[in-house]
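S.K.: My questions will all concern the structure given below.
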Amino acid sequence: MNDVCTLPHGLCFNDSAHHHIVAERYQQGHNARHNNLLALTRLNVQPTSCIRVAVASLGSPEATSTTSSTRTTRTSTHTSHTSTSMTTTTTAKYPPAGDGFECNMFLGPVKHAEKKGIALDDTTFSECPQLTTKRWPNAKEKITSLRLFKAWDEKWSDHLDRLTVWKELKNFIQRGNNVKVLYGTQISCNETADDLDWIYIKELMFFIGREHVMGLAIGNEVELLHTQDVCDKKCAKRLFHGGYFYKKVMHRANDLAVMQGFQDVTLTTVMGGYVLGGSPFVNSETAGVLDFFQKINRDFGTRWAWSWNTYPYFDPHIVMDEGIFHTCNKAMMAAINFAPSSMLPGQLRELRRPECRWSLVDLMTQCG
């Protein structure tokens, strides 16, 4: 398989059906709906198949029991005997955890498998976590890293049991793979929702165990929040210029400091190519990334990791091939391969310029 991640001290996460808003990189200011549906957790299965399995097996939060009876009658000239047997079958909420889906195609060893992981989408996490594959698709190497965008969503509570879902996730993480998790907690315009999300993250980290914590990502592409409809001018100004983002990072770090065993958890925030709109990073009133990183470096030094979402297909410099056939072969080749002169390595080089960074740890959290 292609060598997706060659970064020293780095780790890459492949995207898996995560729905989120992204903007075109390099200050294009265009919102787009990104819906990657890579069959990483459900090999050769349509995305709805996982949902159908989960809905069919969920029912109520508790396990269900089905009772059947069998009546047998024996008759002779003088006597009549009747016997009844009862059989009770208990159906668990989820089907048994397995090793993903079977496929007889082998694509060879995964290069640097220990530096790669998957981003677990909300649907798989909430509806059928037991179906997450233990091995890389069409390969023998085990999946040892996981990116989790949230610990729980209140909307799921209407039809799902949180503890049951968490138990299934814990089983996947601990069943022989010794998976490390990059936990994500949100930063938005709703402080109440942000704090509730953080409470769930703390509970889940305790529940699964410190030994399985890779790090904590505080916010996902916060530098783009001002481009979204849910962010008004007041919120956009408050995030960076008003210090809300920085204040929440410090609050999360202070909470970890009093959680036994979690004091040294690696901290990060996930950002994208938009930050390259300044030198070395964009530093506007609504996206004060440079000022933010300078404060973070002062407070955390090498404990802070650099995390990047890189999307070559959002690059505004992509153009169609010359000629009358309306093809895009050149742009496609530049976007999907990992040669040093291609787009993905080029973006990562810019993000990793010596004057831009203070830490040696890199996480490529999404790419496409």
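S.K.: If I filter segment 204-220 for residues that are of a type in the set (Phe, Trp, Tyr) and closer than 30 Å to GLN294 by Cα, do I get at least one hit? Please lay out each step first, then the result.
M.R.: Initial filter on segment 204-220 (of a type in the set (Phe, Trp, Tyr)): 206-207.
Right, trim to closer than 30 Å to GLN294 by Cα and you get none.
No - not one qualifying residue is present in segment 204-220.
S.K.: Any idea which of (1) among the β-branched types (Val, Ile, Thr); (2) at pLDDT below 90; (3) closer than 24 Å to CYS367 by Cα is the one THR124 doesn't satisfy?
M.R.: (2)
S.K.: Is segment 129-143 home to any residue that is surrounded by fewer than 22 Cβ atoms within 10 Å (Cβ to Cβ) and at pLDDT 95 or above?
M.R.: Within segment 129-143, none of the residues are surrounded by fewer than 22 Cβ atoms within 10 Å (Cβ to Cβ) and at pLDDT 95 or above.
S.K.: Residues that are in contact with a helix residue (DSSP H, G or I) (Cβ under 9 Å, 6 or more places away or on another chain) and either in contact (Cβ under 8 Å) with a residue 60 or more places away in the chain or closer than 25 Å to GLY243 by Cα (or both): does segment 318-329 have at least one?
M.R.: no
S.K.: Please tell me if GLU211 is surrounded by fewer than 18 Cβ atoms within 10 Å (Cβ to Cβ), among the charged types (D, E, K, R), in a helix (DSSP H, G or I) and within 21 Å of the chain's Cα centre (by Cα).
M.R.: On the way: surrounded by fewer than 18 Cβ atoms within 10 Å (Cβ to Cβ): yes; among the charged types (D, E, K, R): yes; in a helix (DSSP H, G or I): yes; within 21 Å of the chain's Cα centre (by Cα): yes.
Criteria met by GLU211.
S.K.: Here is a list of conditions, (1) more than 16 Å from LEU276 (Cβ to Cβ); (2) crowded, with 18+ Cβ neighbours inside 10 Å; (3) modelled with pLDDT of 90 or more, and ALA331 meets all of them except one; can you say which number that is?
M.R.: (3)
S.K.: Looking at SER279, SER284, can you tell me which residue is over 30 Å from VAL179 (Cα atoms) and at pLDDT below 95? Spell out how you get there, then give the answer.
M.R.: Details: SER284 fails: at pLDDT below 95.
Only one candidate passes the filter, namely SER279.
S.K.: Within segment 214-230, which residues are of a type outside the set (A, V, I, L, M) and surrounded by 20 or more Cβ atoms within 10 Å (Cβ to Cβ)? Even if it seems obvious, please write down each step before you answer.
M.R.: Of all residues in segment 214-230, those of a type outside the set (A, V, I, L, M) come to 215, 219-221, 223, 226-229.
Across segment 214-230, the qualifying residues are GLY215, GLY219, ASN220, GLU221, GLU223, HIS226, THR227.
S.K.: Answer yes or no: is there a residue in segment 166-183 that is surrounded by 21 or more Cβ atoms within 10 Å (Cβ to Cβ), farther than 30 Å from GLU141 by Cα, in contact (Cβ under 8 Å) with a residue 12 or more places away in the chain and aliphatic (A, V, I, L, M).
M.R.: No, that holds for no residue.
S.K.: Okay, moving on. Hey, PRO312 hits all of (1) at pLDDT below 80; (2) within 22 Å of the chain's Cα centre (by Cα) but one; which does it fall short on?
M.R.: The failed condition is (1).
The values are calculated or read from the model by the stated rules, or taken from the named source; none is laboratory data. None of these values were measured; they are calculated from a predicted model. With ideal geometry, Cβ positions are generated from the backbone for all residues, glycine too; neighbour counts draw on all protein chains shown.
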